[in-house]
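A short write-up of the structure that comes next.
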Amino acid sequence: MHTPWQAAQSLKSDAKELRPLTGNEAIARGAWEAGVRVAAAYPGTPSTEILENLATYPAEDIHAQWSTNEKVALDVAMGASFTGQRALCAMKHVGLNVAADAFMSLAYIGVNGGLVLVVCDDPGIHSSQNEQDSRIYGMLATVPVLEPSDAQEAYDFTKLAFEISEQFDTPVIVRSTTRLSHTRSPVAVGLRVDVPSRGFLDKPSKNVMIPAHARARHNVVLEREARLKDYLGAAPITRWERGDASFGIVTAGTCYPYVREVLPTASVLKLGASWPLSGQLLREFCASVNRVFVVEELEPVIEKEIAALGFAVEGKKFFPRAGEFSPEVLRAGFVQAGILPAPVTHNSWTPDMMPRPPVLCAGCPHTSSFMAVRASGARVAGDIGCYTLACLDPLRGIDTTVAMGSSIGNAIGMAKAGETKPIVATIGDSTFLHAGIPALIDAVYNQANIAVMLLDNHITAMTGGQEHPGTGKTLRGEPAPQINYEALIRACGVQWVKTVDSYDLAATHQALREAINYRGVAVLISNRPCVLDPVKIKGPALQVITSQCTACQSCMNLGCPALTWSDEWFEGRHRVKIDPALCIGCTLCAQVCTIDCIKIPAPVTP
Ligand SMILES: Cc1ncc(C[n+]2csc(CCOP(=O)(O)OP(=O)(O)O)c2C)c(N)n1
């Protein structure tokens, strides 16, 4: 039996080098080797590292950029493809909702230079607002979806995707999932090929989507799908692994290694592409076994296709439609299906894990912003970013969170519906640039009575600290023009704009009160860099003079992880202490301390 490392070596004996790569690094490597000239993305877990990695390749080979949102990123990639160059665009699954408008037209237009769209799904919702299945976008747009199952395939399939794209005049989706994107395994890599530009294709009937052209293109797309079915059904990325004929399993992507772990000798049809599916191949496989199972995460895409061919197929009956799969999930399903014997149960006791809710970092500038928001008694339309955590105890400062950029629109709707509380929309800087600006213009245009708190921490913190147009740096860390928020917001027609330092608690409270009292659209910019920003704000750690602490616990209301209970008591309540390893010296706790017993320690003199 080969280790995965040896297996990869024997698979690619002519390869130049074997490297341990994550799925995302492998995709980036495959794209670079395939001669990609332009790559664009908006960050989003689990896809973020693809562009971060592409930016480590020479700038003369590849232009890699963060775009303001996923639709812009896809438009940028399309622009490069129009000129005849190979292009890549990457996003998380919900990013495709944002890019969907351009994507649906792209499906009709096709490509000139090959265009690959990497979409990373998040089954199990490790870090997202839902777990939608992007394969359905492939079906909706009639675009092929390749599903690698490990890092080697992520690399191989990305390279192949560019070939398919140009051969069939179609964008190609490479679908990853959190498990694949973030798992490291050996990959046999090669060298970059320089793919010459095909030159701009001057063909309005293909590139300009007016109804007359689109009608004709739709038929081209349908004909393309038929050819793709035949090609993908016979392509070497699809493997029929023959075994016992009593049952067979159709699977794809990261479900494949789980199937192999649970049922090593079973008959398996491992699909390299989960859309479009070759009816002929599926018919042959299903006819060769007595029972057919489909193992696929999330939606029953393959299962429905097999059922439509008239076969009795079993899938979602045993394997859930929600959540991430694992060998344990598969084992349980195959036990239920009578394929595996029920496990022998031991009377063992496993302790429950201590719940550890996520918290904002010590010194996070969002903490004080939400202290002020909570104190305002407003109805709060939240948005997506680190600050969404302010919906939890003890801050409890957010009433709704929908999707990136929704806060301002939600706030307008609340105001127009007659909500009696004052209304505040809270939105991060990256999110504001991504999808908040049109909503702000809407608020001005429709004269909504709302206050917007723009939480400018100078970074896209939630996804690990990416640059954006407000940071003054590009993806490669080079200087770039920096957005002037106040000027931008005024240009949108907002008359009341103010900036505060959120570490100044009193000023933040005061400014938010003013914003709320203003009749019309008011924007308060809370300006303080993220504590994890490369330029760290690490002041001296504060100390509690424990003997003076009256255990009033008002500092605990911050929810700062550097504040902990001490072993000392005062009138039946714990006194507080500060963990110096966590405290970054923001002084917020000192500002809320009712008896002024939190101090900056005097410097030690030698
Ligand atoms: C459409 C979409 N794209 C990307 C993401 C991933 N994502 C979640 S929040 C966020 C941005 C957060 O940055 P910011 O608004 O500046 O807030 P911060 O985390 O810095 O507080 C991103 C990119 C997403 N949830 N939805």
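Would you mind ranking Ile600, Ile483, Ile306, Ile408 so that the residue whose beta carbon has the fewest other beta carbons within 10 Å leads the list?
Values: Ile600 13, Ile483 18, Ile306 24, Ile408 30.
Final ranking by Cβ density, sparse to dense: Ile600, Ile483, Ile306, Ile408.
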Dipole of the chain, positive direction: furthest Cα of Ala64, Gly377, Ala77, with charges on the beta-carbon = Gly377
Roughly how many Å is it from the Cα centre of the range 445-488 to that of the range 152-181, as a whole number?
-> 32 Å
Under a cut-off of 14 Å between alpha-carbon atoms, report the aspartates and glutamates in cross-link reach of Lys599, not counting same-chain residues fewer than 8 places apart.
-> Asp579
Per DSSP H run of at least 4 residues, take -39500 (n - 2.57); add these up for the chain, divide by its residues and hand me the 222 nm value, nearest 500 deg cm²/dmol.
-> -10000 deg cm²/dmol
Residue range of the chain that is longest and free of GluC sites (Glu not before Pro) which are both DSSP loop and sparsely packed (at most 10 other C-beta within 10 Å) | 61-570
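Rounded to the nearest 5, what is the percent of antiparallel bridges among the DSSP beta bridges in the range 239-336?
Values: 3 of 16 bridges.
Taking every DSSP beta bridge within the range 239-336, about 20 percent pair in antiparallel fashion.
Which chymotrypsin sites (Phe, Trp or Tyr not before Pro) in the range 331-411 pass both tests, a DSSP loop state and at most 15 other beta-carbon atoms within 10 Å? Please report the intermediate quantities before stating the final value.
On the way: sites: Phe334, Trp349, Phe370, Tyr387; in loops: Trp349.
For chymotrypsin sites (Phe, Trp or Tyr not before Pro) across the range 331-411 that sit outside H, G, I, E and B with at most 15 neighbouring Cβ atoms in 10 Å, the list reads Trp349.
Assigning unit charges at the beta carbon (Lys, Arg +1; Asp, Glu -1) and nothing else, what dipole magnitude in debye, to the nearest 20, does the range 4-234 show about its Cα centre?
Details: 22 positive and 27 negative charges, 76 e Å.
Roughly 360 debye, rounded to the nearest 20.
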Checked against a 28 Å limit on the C-alpha separation, the offending pairs among Lys206/Lys270; Lys71/Lys203; Lys229/Lys304; Lys203/Lys304 are Lys206/Lys270; Lys203/Lys304
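Would you mind ranking Cys255, Cys492 so that the residue whose beta carbon has the fewest other beta carbons within 10 Å leads the list?
Values: Cys255 25, Cys492 19.
So the ranking, lowest neighbour count to highest, is Cys492, Cys255.
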Per the charge dipole of the chain (beta-carbon charges, Lys/Arg positive, Asp/Glu negative, Cα centre), the residue among Asn53, Leu455, Ala522 reaching farthest to the positive end is Ala522
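Using the beta-carbon distance between Ile125 and Ala216 and R0 = 35 Å, what value does 1/(1 + (r/R0)^6) give for FRET efficiency, to the nearest 0.05?
Numbers: r = 41 Å, r/R0 = 1.17.
With a Förster radius of 35 Å, E is 0.30.
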Using only the alpha carbons of the chain, determine the length spanned along each of the three principal axes and report them from longest to shortest in whole angstroms.
-> 79, 69, 57
For the range 355-458, give the share of DSSP beta bridges that are antiparallel, in percent and rounded to the nearest 5; count only bridges with both residues there.
-> 0 percent
Among the lysines, which fall within straight-line cross-link reach of Lys421, defined as a Cα-Cα distance under 30 Å, with same-chain neighbours fewer than 8 residues apart omitted?
-> Lys498
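May I ask you to derive the relative contact order of the chain, considering only C-alpha pairs under 8 Å and at least 6 residues apart, and to give it as an integer percent? Could you put the intermediate results ahead of the total?
Numbers: 1307 pairs, mean separation 64.2, N = 606.
11 percent.
Rounded to the nearest 5, what is the percent of antiparallel bridges among the DSSP beta bridges in the chain? List each step's numbers first, then the result.
Values: 20 of 76 bridges.
So the antiparallel bridges amount to about 25 percent of the total.
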What's log10 of I(q)/I(0) for the range 428-555 at q = 0.11, 0.15, 0.16 Å⁻¹, Debye sum over Cα points only, no solvent?
-> -0.49, -0.80, -0.88
Using only C-alpha atoms and all pairs of different ones, pull out the Kirkwood radius for the range 283-355 in Å with one decimal.
-> 14.2 Å
Between the range 544-570 and the range 339-406, the Cα center-to-center distance that results, in Å | 23 Å
Once Asp393 and Ser566 are pulled to full extension, the length gained, defined as 0.36 nm per residue separation minus their Cα-Cα distance, is 60.2 nm
About its Cα centre, how strong a charge dipole does the range 352-503 have in debye, to the nearest 20, once Lys and Arg get +1 and Asp and Glu get -1 at the Cβ?
-> 220 debye
Arrange the following residues from fewest to most other Cβ atoms within 10 Å of their Cβ: Met414, Met354.
-> Met354, Met414
Of the options Pro320, Ala307, Val295, report the single residue whose Cα projects farthest towards the positive end of the charge dipole of the range 273-330 (beta-carbon charges: Lys, Arg +1; Asp, Glu -1).
-> Ala307
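Compute, for the chain, the length of the dipole vector about the Cα centre, with Cβ point charges of +1 (Lys, Arg) and -1 (Asp, Glu) only. Units Debye, rounded to 20. Intermediate results must be reported in sequence, preceding the final value.
Values: 52 positive and 59 negative charges, 99 e Å.
Once rounded to the nearest 20, the dipole reads 480 debye.
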Under the Kirkwood approximation applied to all pairs of distinct alpha-carbon atoms, what is the hydrodynamic radius of the range 543-599 in Å?
-> 11.1 Å
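We did not get these values from a lab; they are worked out from the coordinates using the rules stated. All of these numbers come straight from a predicted model, not from anything done at the bench. When we count neighbours, we look across all protein chains shown, and the Cβ atoms used for this are built from the backbone with ideal geometry, even at glycine.
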